[in-house]
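Please read the structure below before turning to the comments.
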Amino acid sequence: MTTITYTGIHDIHAVVDYFMTNDEMMVNNPVFAEASNVSILKQSLHSLLSRVEHEKDFHDLLNYKNLVFNQLVHYCDSIESIEGLKDDLHELLVHRIYTGSELKILAWIYKQSYGADADMSNPEGSSPQGFLRYLKMNCKPEVTAHFIGLGMQQYIRTKYPEEQFYQNENTFAGCYNYITELVLETEELDKLVKTVQEQQEELVWLRDELIASEEQLQKAPDDEELKQRQQKLIVDFMTERLEMEYLSQVIIRLF
């Protein structure tokens, strides 16, 4: 697009209008058939650009938007065949169109401003912070729960592909139900951070109890009560570990 230029935030309305009549993804897009939706896009871009003071700010913004967009694309694909989530899929698709349009226009403005394409490979390894809260605000609880479940399955496949304990349906269901309930009732990130800290303390205690129990079993290997206690400690430790790791390494990064 060479027939319009961007010299500052005052040009954003003209830039959006140009994209709406020239970009193949936006021309005749039903989302933008209503003028009010185009106005929302203009206001959103104006708000985003008003917070950009330096090139790094712009670079970080583009990478974040790209992360959110890719997350929306991936999640929309994962729920498109689930009948009970059709209405939520529609809302997510609309948001995906908005986010994709913002990303495309922002990337064009970045090149206009700095003379080169932005590196949107997420060089700093950031995460789409706030995505879970977006789901909570805009979709019914089942959508958030489904997303948490998908993420946990992927985490287990990646981190513990050979661990049979985590392949057990009851184990997975217990961890999944606990984390889903926690996320749905949590409004502030601090609560999740505090929960992880408490779980870390619990894991230390369980580890010490396991060591002590093992020593007792070595002295009384036929003691059935000790064997049952040892098995319960193992189950508690493995369950607590998965919950703590998934919360700290995935959920908090997306909340």
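The values are calculated or read from the model by the stated rules, or taken from the named source; none is laboratory data. Only a predicted model underlies this, so the values are computations on that prediction, with no experimental measurement involved. Note: ideal-geometry Cβ built from the backbone for every residue, glycine included; neighbour counts use all protein chains shown. Accessible surface areas use protein heavy atoms only, side chains included; no ligands, DNA or RNA. Shrake-Rupley method; radii C 1.70, N 1.55, O 1.52, S 1.80 Å.
Provide the packing ranking of 172-184, 71-83, i.e. peptides ordered by the mean count of other C-beta atoms within 10 Å per residue, highest first.
Numbers: 172-184: 16.6, 71-83: 14.1.
So the peptides 172-184, 71-83, ranked by packing, come out 172-184, 71-83.
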Residue span Asn138 to Ser113: 0.36 nm per residue of separation minus Cα-Cα distance leaves a gain in nm of 5.6 nm
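So between Gln154 and Asn177, what do we pick up on full extension, going 0.36 nm a residue minus the alpha carbon distance? Show your work: numbers first, answer last.
Numbers: separation 23, 0.36 × 23 = 8.28 nm, distance 1.63 nm.
Gain on extension, Gln154 to Asn177, equals 6.7 nm.
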By the mean-Cβ-within-10 Å protection proxy, highest first, 49-58, 217-226 rank as 49-58, 217-226
A student applying the Cα gyration tensor rule (rounded when a/c is under 1.5; otherwise prolate if a/b is larger than b/c, oblate if not) would label the chain prolate
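Between Glu162 and Glu83, what FRET efficiency follows from the Cβ-Cβ distance if R0 is 30 Å, with the result rounded to 0.05? Could the numbers behind the result be given before it?
Working: r = 35 Å, r/R0 = 1.15.
Plugging the Cβ-Cβ distance into 1/(1 + (r/R0)^6) gives 0.30.
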In whole angstrom, the spacing between the Cα centers of segment 125-187 and segment 1-25 equals 40 Å
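Evaluate E = 1/(1 + (r/R0)^6) for Asn170 and Glu202, where r is the Cβ-Cβ distance and R0 equals 22 Å; express this FRET efficiency to the nearest 0.05.
Numbers: r = 20 Å, r/R0 = 0.92.
Working from the Cβ atoms, E equals 0.60.
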Quick calc, segment 78-119, dipole around Cα centre from Cβ unit charges on Lys, Arg (+) and Asp, Glu (-), nearest 20 debye, gives 260 debye
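For the chain, what is the mean residue ellipticity at 222 nm derived from helices alone (per DSSP H run of n ≥ 4: -39500 (n - 2.57); sum divided by total residues; nearest 500 deg cm²/dmol)?
Values: 9 runs with 179 residues, N = 255.
Here the helix-only value at 222 nm equals -24000 deg cm²/dmol.
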Longest principal axis of the chain (C-alpha) makes with the long axis of helix 189-219 (C-alpha) an angle, in degrees to the nearest 10, of 20 degrees
accessible surface per residue for segment 1-129, probe 1.4 Å, DNA/RNA/ligands not counted, whole Å² -> 54 Å²
In terms of the charge dipole of the chain, which places +1 on Lys and Arg and -1 on Asp and Glu at the beta carbon, the residue among Pro123, Ala173, His10 farthest towards the positive end is His10
So the angle from the long Cα axis of helix 169-185 to the longest Cα principal axis of the chain, reported in degrees to the nearest 10, equals 50 degrees
